[in-house]
Each structure stands twice: as C-alpha cells, then as structure tokens.
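Below is one structure, written out as structure tokens; comments come after it.
The values are calculated or read from the model by the stated rules, or taken from the named source; none is laboratory data. Everything numeric in this text was worked out from a predicted model, so none of it was measured. Glycine gets a Cβ as well: all are built from the backbone with ideal geometry, and neighbour counts include every protein chain shown.
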Amino acid sequence: MRVILNKTFYYCKKDISVALHLTAQTQLSTQTPKSMSTIKNLIRPNIQKMTAYSSARSEFKGKAHIFLDANENPFDTDLNRYPDPLQWKVKEEIGKWKNIEVQSIFLGNGSDEVIDLLIRIFCEPREDAIMILPPTYGMYQVSAAISDVEVQEVLLTNDYQLDITAILEAVQPNTKLLFVCSPNNPTGNSFNLKAIEELVEGFEGIVVVDEAYIDFAGQASCVNLLKEYKNLVVTQTFSKAWGLAGIRLGMAFAAKEIIDVLNKVKPPYNVNQLTQNAALEALQNVERYEWERANILQQRNFLKEELMGFDFVKKVFPSDANFLLVRVKEAQELYDYLTSKGIIVRNRSKVVLCEGCLRFTVGTEEENLELLEALRIYTEN
C-alpha cells in the first residue's frame with residue numbers, strides 16, 4: 001500500500017449523519033444512492049445559511065425593451081449589457097449535446113473555478129481535507145492551499161492505476177472531497193469505470209471526476225453515472241478538444257442540489273458575454289470539433305509510433321488524452337535542447353512516479369514533423 005498522509009488530521013467538528021468508510025470494499029455496494037439530505041450535511045454551515053448575491057438581471061423574468069435596472073451604459077456596443085448570469089442559452093446547447101438536463105449543468109470560468117468553489121462549499125478551513133491521487137492535476141492542491149484545507153494523498157500504482165483498497169483505507173473523518181482525474185494528467189491514461197464507481201460507492205464525501213480529456217478517450221463518460229450517484233460531480237472543459245482554451249469555460253455536471261449551491265456561491269457574472277458567444281458558436285459547428293478531434297487522435301498514434309523508434313526513449317505510456325507521457329534518457333538535457341530549438345514541451349521529471357518523463361502535447365502534423373526532425377538531429381549529436 002502506497003499512502004502519503006499529513007501527520008496531523010483535523011477532525012470535523014460538525015455532526016455528520018453517516019460514518020465515513022475507513023475500510024475498502026472489494027465489491028460494489030448494494031446500498032441505496034446517498035440521499036441529498038446526506039449531501040447537505042457535507043456542505044459548510046455558513047454556506048447553507050448565506051444569502052446569495054442577487055443580480056439585477058436575475059431578478060427579472062419575462063420580456064422587456066428598456067433596461068434601467070443595472071446601471072449599465074445605455075449605448076449599444078453589443079457588450080454594454082451584463083451577460084446572462086446563469087448562461088441558459090449555452091447550457092441548453094450543452095444539454096442537447098450531452099443529453100442532460102440544464103438544471104444539472106454548471107458553467108465556470110474554467111474548470112479551475114469549479115474546483116475552487118467545490119472546496120469552498122464543502123471544506124471548512126483548517127478542519128476538513130481533500131484527497132488527491134498523485135501524479136495528478138496540480139490545481140486541486142493549489143486551490144486547497146488557498147482555502148487553508150488539508151491535502152491527503154494516495155499514490156497511484158506504478159502503472160498509474162487506482163489503488164482502491166489504499167484510497168478507501170486512507171479516508172479520514174474530515175475527508176470531504178476526492179478528486180479523480182480521468183483521463184489523468186500528466187499520465188494520460190483513463191481509470192476503469194468500475195473502479196471509479198467503486199470509489200463513488202465507498203466514499204461518503206463528494207467524488208469529483210475531472211474529465212478534461214474525455215473527448216480523446218475510448219471509454220464512456222462518468223456523466224452516465226449521475227442519475228445513480230448523488231455524491232458525484234463530473235467536470236469537463238472547452239479548452240481541449242473544442243480548441244477554446246482562451247475563452248476559459250469549464251463545465252460541471254451533478255445533481256441539481258449541488259448545482260444550486262454552486263450557483264449560490266459563484267460570482268454573479270462569472271462567465272462573460274464574449275465567452276458565452278464563442279461557446280454558442282462552437283456548439284453550432286460540431287463538425288469542426290469532430291474533425292479536429294479525429295485529427296489529434298490520428299496524430300497521437302503517429303507521434304507515439306515515431307517516438308518509440310528513438311534509442312533515448314525508454315517508454316511511451318498509453319494515452320487517452322491529447323498528449324503523450326514519455327520516459328527518456330537525460331530528460332533535462334533533452335528538454336533544454338528542445339527549448340533551444342524553440343520547441344516547448346513539459347518536463348515532468350520532478351513529479352512523483354514520473355521521474356525522467358517529458359510530456360508531449362500532440363500538435364498539428366507540421367508541428368509534430370518539426371519536433372521529430374529536431375529529435376533526429378539530437379540523436380546525431
């Protein structure tokens with residue numbers, strides 16, 4: 001068992017209606033889905049009691065042609081009005097695409113805002129904790145640190161899989177959120193859906209499955225599990241397959257009761273009008289999304305095969321994402337060489353279980369060919 005935990009545990013002072021599992025389950029539980037009353041007990045008391053900010057535009061229902069309620073500049077610039085605070089048009093299009101009700105969708109200023117809000121909603125500073133599964137996405141730990149929330153860690157196995165027994169045995173009474181990144185960053189692999197489901201069953205807190213790279217994966221999304229599990233939140237993004245990293249638009253899918261709390265805590269106009277416009281335009285052009293996704297998948301396979309032919313490459317790890325994690329000889333030297341050629345990759349050598357690894361994002365055909373040519377020159381020197 002490979003577990004890293006902080007030396008001090010801050011036990012939750014609030015009454016919790018259900019005992020947390022401290023032992024692993026070897027089979028999926030037959031218990032009924034966690035009720036929303038149980039989920040409510042996980043929310044910080046001050047969040048439950050607070051009154052959300054009420055924006056002028058959110059108070060109005062119906063049609064109007066003169067708006068004198070929000071102290072806006074009255075002269076039309078296409079952007080002189082505040083955006084829809086709940087982004088209903090974008091959510092309606094996403095709902096059609098994902099076959100999910102709009103009441104179960106939250107939109108954030110990138111998925112990072114979703115991560116931050118979830119920690120602030122469910123974790124009491126200096127009392128509660130989140131659990132992460134390194135190597136994994138770094139913002140879970142950063143957001144927890146900002147909120148002064150403890151971070152508990154359980155390493156993935158050496159082949160980057162979930163250690164279900166170790167994870168559930170490491171859960172403490174103050175563990176409120178469990179972050180699972182699948183496909184995982186920086187390793188690129190997906191976790192087995194049954195294994196994720198076992199964690200959702202066995203963990204009495206909120207399980208957040210980060211699916212930023214799901215569009216490149218061969219397996220189904222955990223969104224399909226939402227009707228069965230009320231303690232599950234699934235995040236996705238427009239940054240990767242949709243090619244819209246610049247607009248900063250993240251999605252969260254969950255039970256309506258959790259979405260309602262996210263809407264309660266978020267800033268009133270967290271997604272700007274330019275972002276909403278860009279998302280709506282993209283959702284009307286799914287053909288482009290499909291073409292780019294297919295091209296990236298083809299280039300990922302091509303790049304993998306080519307990289308495996310170099311002597312300095314020890315291993316190219318399996319990937320369900322738009323990048324490849326590659327273990328190489330002299331990782332820092334190779335990284336410095338590529339940088340000198342104006343080619344920037346990510347050095348992951350200092351990340352646990354990723355020693356000697358570089359992460360290569362899959363580029364265009366032209367970019368990948370230039371990378372490979374630079375690597376061939378490197379081998380000749």
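From (1) touching a helix residue (DSSP H, G or I) at 6+ places or on another chain (Cβ under 9 Å); (2) within 27 Å of Lys227 (Cβ to Cβ); (3) not charged (D, E, K, R), pick out the condition that doesn't hold for Leu79.
(2)
Quick test for you: out of Asn272, Asn295, Asn263, pick the one residue that is over 23 Å from Ala129 (Cα atoms), in the same structural domain as Lys91 (by TED's automatic domain parsing) and of a type in the set (S, T, N, Q). Before you say what the answer is, go through the steps one by one.
Working: Asn295 fails: in the same structural domain as Lys91 (by TED's automatic domain parsing); Asn263 fails: over 23 Å from Ala129 (Cα atoms).
After applying the criteria, what remains is Asn272.
Could you identify the single residue in Leu358, Leu334, Leu369 that is within 30 Å of Arg248 (Cβ to Cβ) and modelled with pLDDT of 95 or more?
Leu358
Surrounded by fewer than 19 Cβ atoms within 10 Å (Cβ to Cβ), modelled with pLDDT under 95, under 26 Å from Thr275 (Cβ atoms) and assigned by TED's automatic domain parsing to the domain that holds Pro267: which single residue out of Ala64, Ala24 fits that description? First the steps, then the outcome.
On the way: Ala24 fails: under 26 Å from Thr275 (Cβ atoms).
Of the residues listed, the single one that is surrounded by fewer than 19 Cβ atoms within 10 Å (Cβ to Cβ), modelled with pLDDT under 95, under 26 Å from Thr275 (Cβ atoms) and assigned by TED's automatic domain parsing to the domain that holds Pro267 is Ala64.
Every residue, every condition in (1) touching a helix residue (DSSP H, G or I) at 6+ places or on another chain (Cβ under 7 Å); (2) surrounded by fewer than 18 Cβ atoms within 10 Å (Cβ to Cβ), yes or no:
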{"residue": "Ile343", "(1), (2)": "yes, yes"}
{"residue": "Arg348", "(1), (2)": "no, no"}
{"residue": "Val351", "(1), (2)": "no, no"}
{"residue": "Glu366", "(1), (2)": "no, yes"}
{"residue": "Leu369", "(1), (2)": "no, yes"}
{"residue": "Leu372", "(1), (2)": "yes, yes"}
{"residue": "Leu375", "(1), (2)": "no, no"}
{"residue": "Thr379", "(1), (2)": "no, yes"}
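If a residue must be in contact with a helix residue (DSSP H, G or I) (Cβ under 9 Å, 6 or more places away or on another chain) and surrounded by 19 or more Cβ atoms within 10 Å (Cβ to Cβ), how many such residues does region 353-364 contain?
4
Counting residues that are more than 21 Å from the chain's Cα centre (by Cα), which strands (runs of 3 or more DSSP E) fully inside region 226-326 reach at least 2?
Because the criterion is at least 2 residues that are more than 21 Å from the chain's Cα centre (by Cα), the strands (runs of 3 or more DSSP E) in region 226-326 that meet it are 313-316.
Filter region 204-213 down to residues that are among the charged types (D, E, K, R) and under 12 Å from the mean Cα position of the chain (by Cα) and give me whichever is surrounded by the most Cβ atoms within 10 Å (Cβ to Cβ).
Applying the filter and picking the extreme gives Asp210.
In this structure, does Glu281 turn out to be out of contact with any strand residue (DSSP E or B) (no Cβ under 8 Å at 6 or more places or on another chain) and without any contact (Cβ under 8 Å) to a residue 12 or more places away in the chain?
yes
Kindly establish whether Ile119 is without any contact (Cβ under 8 Å) to a residue 60 or more places away in the chain, under 30 Å from Ser349 (Cα atoms) and in contact with a strand residue (DSSP E or B) (Cβ under 9 Å, 6 or more places away or on another chain).
So Ile119 passes the test.
Could you identify the single residue in Phe253, Phe216 that is touching a residue at least 60 places away in the same chain (Cβ under 8 Å) and surrounded by 23 or more Cβ atoms within 10 Å (Cβ to Cβ)?
Sole residue among the options that is touching a residue at least 60 places away in the same chain (Cβ under 8 Å) and surrounded by 23 or more Cβ atoms within 10 Å (Cβ to Cβ): Phe253.
Of (1) in contact (Cβ under 8 Å) with a residue 40 or more places away in the chain; (2) more than 26 Å from Ile121 (Cα to Cα); (3) surrounded by fewer than 13 Cβ atoms within 10 Å (Cβ to Cβ), Lys96 satisfies all except one. Which?
Checking Lys96 against (1) in contact (Cβ under 8 Å) with a residue 40 or more places away in the chain; (2) more than 26 Å from Ile121 (Cα to Cα); (3) surrounded by fewer than 13 Cβ atoms within 10 Å (Cβ to Cβ), the one that fails is (1).
How many residues are closer than 24 Å to Gly95 by Cβ and part of a helix (DSSP H, G or I) when one looks only at region 184-223?
Here the count works out to 9.
Does Val328 satisfy the criteria of being in contact with a Cys (Cβ under 9 Å, 6 or more places away or on another chain), crowded, with 18+ Cβ neighbours inside 10 Å and either in the same structural domain as Thr237 (by TED's automatic domain parsing) or not acidic (Asp, Glu) (or both)? Write out each step before concluding.
Values: in contact with a Cys (Cβ under 9 Å, 6 or more places away or on another chain): yes; crowded, with 18+ Cβ neighbours inside 10 Å: yes; either in the same structural domain as Thr237 (by TED's automatic domain parsing) or not acidic (Asp, Glu) (or both): yes.
Spelling it out, Val328 is indeed in contact with a Cys (Cβ under 9 Å, 6 or more places away or on another chain), crowded, with 18+ Cβ neighbours inside 10 Å and either in the same structural domain as Thr237 (by TED's automatic domain parsing) or not acidic (Asp, Glu) (or both).
Consider region 327-381. How many of its residues are under 16 Å from Val313 (Cβ atoms), assigned to a strand (DSSP E or B) and among the β-branched types (Val, Ile, Thr)?
So the count comes out to 1.
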